[in-house]
Every structure is written in structure tokens, then in C-alpha cells.
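Novice: For reference, the structure I am asking about is given below.
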Amino acid sequence: MLRHFTFEDVSRILELNAEPSTRHWLPSHVYADCEEAKAALEFLIASYLEPGHPQRGPYVLAIEQRSTKQLIGHVGFSPLNDEVEVSYAVAEFARGQGFGVEALDHACDWISQTFRLPGLIAVTAAVNIGSRRVLQRARFAHIRDEAMRFQGVHQIVSRYRREAAPVGCGGA
């Protein structure tokens with residue numbers, strides 16, 4: 001289930017961002033302590049209203065496991081040049097069960113339709129095979145590999161794009 005973050009998520013965010021894989025692949029999402037996690041969460045929650053649009057600022061949704069109501073990750077959207085970039089993370093224990101692909105797929109459909117975006121991009125470390133598989137399963141097409149500063153390090157990244165699904169008129 002996708003939902004907005006709430007202040008009750010602070011301790012769980014701190015736990016998720018302390019996982020070894022998050023520290024490795026997404027060091028920009030690692031918080032030093034509860035106060036830093038709370039400040040980040042306050043910023044994300046405020047961003048739902050101001051600017052309230054992924055082309056002008058971050059719009060990050062929580063991924064909650066439906067059966068347990070446990071926060072297991074996020075799908076976030078933010079401006080990158082003239083496009084909107086998606087990022088995501090799923091708790092280590094929940095990987096390999098399709099949660100990431102399902103959340104990414106639904107979040108991308110929702111954000112594209114809600115904000116009338118023509119498409120989305122994703123950037124991941126080229127050596128992050130797991131992330132690349134998730135993107136491909138969520139209907140992202142590999143565009144190219146390139147060198148850039150990513151997560152604080154100059155490295156080779158893989159760039160992906162997903163076109164927005166056409167919105168039908170409905171009816172029979």
C-alpha cells in the first residue's frame with residue numbers, strides 16, 4: 001500500500017535507513033540519529049503541500065505492507081533537470097517478494113496521471129543489478145550508461161525511462 005508519511009514513521013525510517021544495503025546504495029538516505037530522521041520526515045511531509053508537485057520538489061510516498069501495516073520502504077519523485085526522477089528502497093527482509101516492483105509500478109502510474117507527466121526517469125548505479133531488475137520489471141526501458149556524480153560519488157550509472165501510460169476515456 002502506498003501512503004503519505006506521518007510523524008509516527010520516524011523510528012521505522014531510522015531503522016530502514018540503517019540497513020547495510022541502504023548505507024551502501026543510498027547513503028544520502030542515511031540519518032545520523034532520530035533528530036536528523038525527524039527533520040527529514042518533517043521536510044517530506046511539508047513537501048506534500050508546498051511545493052506539492054514532483055517537478056518543483058520532492059514527493060515521497062511510504063510503502064506499507066498491507067497484511068502487517070509495517071512500513072517497508074519508499075518511492076520518491078523529484079525534479080532532475082527538466083524531468084522527474086523516481087527513487088525507491090525496500091527493506092532487506094521484504095526484497096524478492098515483488099513489493100518493490102508493485103509499489104514502483106503503481107506509484108509511477110499514479111504520479112504520472114495525477115501530475116500529467118509524460119514520463120519518468122530513474123538513475124541507478126550500473127553495478128546495482130537488483131535495482132536494474134526492479135526497474136525493468138516496472139516497465140522502465142534502459143536508455144544508456146553514463147558517468148556522473150551519483151550518491152556523492154563519481155561513478156557509472158544506468159539511466160532508465162518509463163513513458164506515461166495513455167489515459168483512456170472509459171465507457172463501453
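Novice: Using only the Cα atoms of region 21-89, build the gyration tensor, take square roots of its eigenvalues as a ≥ b ≥ c, and label the shape rounded, prolate or oblate: rounded if a/c is under 1.5, else prolate if a/b is larger than b/c, else oblate.
Specialist: It is rounded, given that a/c, with a ≥ b ≥ c, falls under 1.5.
Novice: Modelled label-to-label distance, LEU49 and ASN81, 7 Å Cα→beta-carbon offset: nm?
Specialist: The modelled label-to-label distance comes out at 3.5 nm.
Novice: Pick out which of SER131, SER28, SER47 has the largest mean-square fluctuation in a Gaussian network model of the chain, springs linking Cα atoms closer than 10 Å.
Specialist: SER28
Novice: Then there is this: Scan around TYR88 for amide H atoms under 5 Å from its own, H built in the peptide plane at 1.01 Å from N, and keep only partners 5 or more places away or cross-chain.
Specialist: GLY76
Novice: Also: With a sphere of radius 13 Å drawn around the Cβ of LEU49, what net charge do the other residues whose Cβ falls strictly inside it have (Lys, Arg +1; Asp, Glu -1)?
Specialist: Value of the local net charge: -1.
Novice: Suppose we keep just the alpha-carbon trace of region 51-172; what are its Rg and Dmax in angstrom?
Specialist: Spelled out, the Cα radius of gyration and Dmax of region 51-172 are 14.7, 53 Å.
Novice: If you place +1 on the Cβ of every Lys and Arg, -1 on the Cβ of every Asp and Glu, and leave all else neutral, what size is the dipole of the chain about its Cα centre, to the nearest 20 Debye?
Specialist: 580 debye
Novice: Next question. Please list, ordered by chain and number, the residues whose modelled amide H lies under 5 Å from the amide H of PHE150; skip anything fewer than 5 residues away on the same chain.
Specialist: Answer set, sorted by chain and number: GLN155.
Novice: With a 10 Å cut-off between alpha carbons and a GNM built on the chain, which of HIS74, HIS154, HIS29 moves the most?
Specialist: Judging by the Gaussian network model, the answer is HIS154.
Novice: Can you find, among THR114, ILE45, TYR59, the residue sitting farthest towards the positive end of the charge dipole of the chain, where Lys and Arg contribute +1 and Asp and Glu -1 at Cβ?
Specialist: Most positive-ward Cα: THR114.
Novice: So, one more: Per residue of region 23-36, in order, report the coupling 6.51 cos²θ - 1.76 cosθ + 1.60 (Karplus, θ = phi - 60°) as ³J(HN,Hα) in whole Hz, putting x for Gly and Pro.
Specialist: Whole-Hz 3J(HN,Hα) from phi for region 23-36: 4, 7, 8, 10, x, 6, 9, 9, 10, 5, 7, 4, 5, 5.
Each reported figure results from applying straightforward, stated rules to the coordinates on display, with no laboratory input. Computed from a predicted structure; not experimentally measured. With ideal geometry, Cβ positions are generated from the backbone for all residues, glycine too; neighbour counts draw on all protein chains shown.
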